[in-house]
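The values are calculated or read from the model by the stated rules, or taken from the named source; none is laboratory data. In this text, all values refer to a predicted model and were calculated from it rather than measured experimentally. All Cβ positions, even for glycine, are placed from backbone atoms using ideal geometry, and neighbour counts span all protein chains on display.
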Amino acid sequence: MVDVHCHLNFKAFEEDCNDVIKRAKKEGVEIIINTGTSLETSARAVELANQYDNLYAIVGIHPHHADKLEDGWEEKIRKIAQSKKVIGIGEIGLDYYSYKSNGIVDPKIQKEVFLTQIQIAYELNLPLQIHNRHAGEDIIEILKENKDKLHKIPGMFHCFAGALDVLSQALDLGFYIGFDGNITYKGLAPGETVSLPDLCRNTPIERILTETDAPFLSPEPKRGGRNEPSYVIITGGKIAEIKAISQKEVDLKTTQNAKTVFNI
């Protein structure tokens, strides 16, 4: 399987990153993709990718950091993105959920940073990895307005949540859909109106990607502890259950999907 989105570049893995990578490979995780959220973590993602054959990097500025950027950030992320093992721009997008530690970054600033990174991805011929929380309609509107800057396979929505209409429009635009360990949780996430299993049922297996968002969103029964790439196998099993297909089929198709989206 493939973990298309994790953060081994975060402090949570400083002490045992190598062991975590070995464990994932032993469990059958063929490829791990580390995603940046800032200039620092993007550079770290590239550093890790250069150390391991089965690791790749996606680099970008998360909407939480959109109001913390210094002049010249665009050229810095563009330079990082030209590293040979960078396969996408992300995680970028919009987030209108109010976090205790961060609040809500001014949506105008978020949109400006999002648009700049869509342009960078277009120029570098890289797919997008989109972060969306409670901002689906605005993201879809921006993507439609900038459809001329989207590639034939434009990328993916990371850790998808939202309305069925947003899902439908994302699929119509050609995007693939990522599901994480929280698909194993019961009930609805705060502010959501559609369950993740229902979103999964409405997404063709040919467009589904598996991810962990490690160290966050550990699946049941690992919930409460640190997530890691090897647990993507658990997420794959839940997708197989929801779609009423074998886990082997989920493994084969989502692995091929990842290779198609990110050209690896």
Quiz item: Can you spot a residue in the stretch 222-232 that is modelled with pLDDT of 95 or more, within 19 Å of Y176 (Cβ to Cβ) and among the hydroxyl-bearing types (S, T, Y)?
Solution: no
Quiz prompt | In the stretch 158-181, residue nearest to the chain's Cα centre (by Cα) [restricted to those that are in contact (Cβ under 8 Å) with a residue 60 or more places away in the chain and either outside any strand (DSSP E or B) or closer than 20 Å to D138 by Cα (or both)] | solution = H158
Quiz item: Looking at the stretch 110-117, is at least one residue in contact with a Pro (Cβ under 6 Å, 6 or more places away or on another chain), crowded, with 22+ Cβ neighbours inside 10 Å and in a helix (DSSP H, G or I)?
Solution: yes
Self-check item: Selected residue (criterion: surrounded by the most Cβ atoms within 10 Å (Cβ to Cβ)) from residues of the stretch 222-257 that are among the small types (G, A, S) and over 22 Å from D198 (Cα atoms)
Solution: S230
Exercise. Can you confirm whether the stretch 137-145 contains a residue that is in contact (Cβ under 8 Å) with a residue 40 or more places away in the chain and closer than 16 Å to I87 by Cβ?
Key: no
Quiz prompt | For G224: the one exception among (1) under 19 Å from the mean Cα position of the chain (by Cα); (2) under 28 Å from L55 (Cβ atoms); (3) in a loop (DSSP other than H, G, I, E, B) | solution = (1)
Quiz prompt | Top-ranked residue of the stretch 37-60 - restricted to ones that are assigned to a loop (DSSP other than H, G, I, E, B) and touching a residue at least 40 places away in the same chain (Cβ under 8 Å), ranked as surrounded by the most Cβ atoms within 10 Å (Cβ to Cβ) | solution = G60
Practice problem: State the number of residues belonging to the stretch 1-55 that are among the aromatic types (F, W, Y) and either under 17 Å from the mean Cα position of the chain (by Cα) or under 14 Å from N227 (Cβ atoms) (or both). | Solution: 2
Quiz prompt | Enumeration of residues in the stretch 182-221 that are in contact with a Ser or Thr (Cβ under 8 Å, 6 or more places away or on another chain), crowded, with 18+ Cβ neighbours inside 10 Å and not in a loop (DSSP other than H, G, I, E, B) | solution = I183, T184, I208, L209, T210
Quiz item: Of all the residues that make up the stretch 229-264, how many are touching a Phe, Trp or Tyr at 6+ places or on another chain (Cβ under 8 Å) and not in a helix (DSSP H, G or I)?
Solution: 1
Quiz item: Listed residues I130, I139, I89, I120; which is of a type in the set (A, V, I, L, M), at pLDDT 95 or above, farther than 23 Å from N9 by Cβ and touching a strand residue (DSSP E or B) at 6+ places or on another chain (Cβ under 7 Å)?
Solution: I139
Quiz prompt | Failed criterion for C17 (all others in (1) of a type outside the set (S, T, Y); (2) touching a helix residue (DSSP H, G or I) at 6+ places or on another chain (Cβ under 8 Å); (3) closer than 23 Å to G155 by Cα; (4) free of Cβ contacts under 8 Å to residues at least 40 places away in the same chain hold) | solution = (3)
Quiz item: So which residues in the stretch 13-44 are among the β-branched types (V, I, T) and out of contact with any His (no Cβ under 9 Å at 6 or more places or on another chain), if there are any at all?
Solution: V20, I21, V29, I31, I32
Quiz item: Could you list, in sequence order, the residues of the stretch 63-105 that are outside any strand (DSSP E or B), closer than 17 Å to A49 by Cα and touching a Gly at 6+ places or on another chain (Cβ under 9 Å)?
Solution: I77, I80, A81
Quiz item: Is it fair to say E220 is farther than 30 Å from E145 by Cα, charged (D, E, K, R) and touching a strand residue (DSSP E or B) at 6+ places or on another chain (Cβ under 9 Å)?
Solution: no
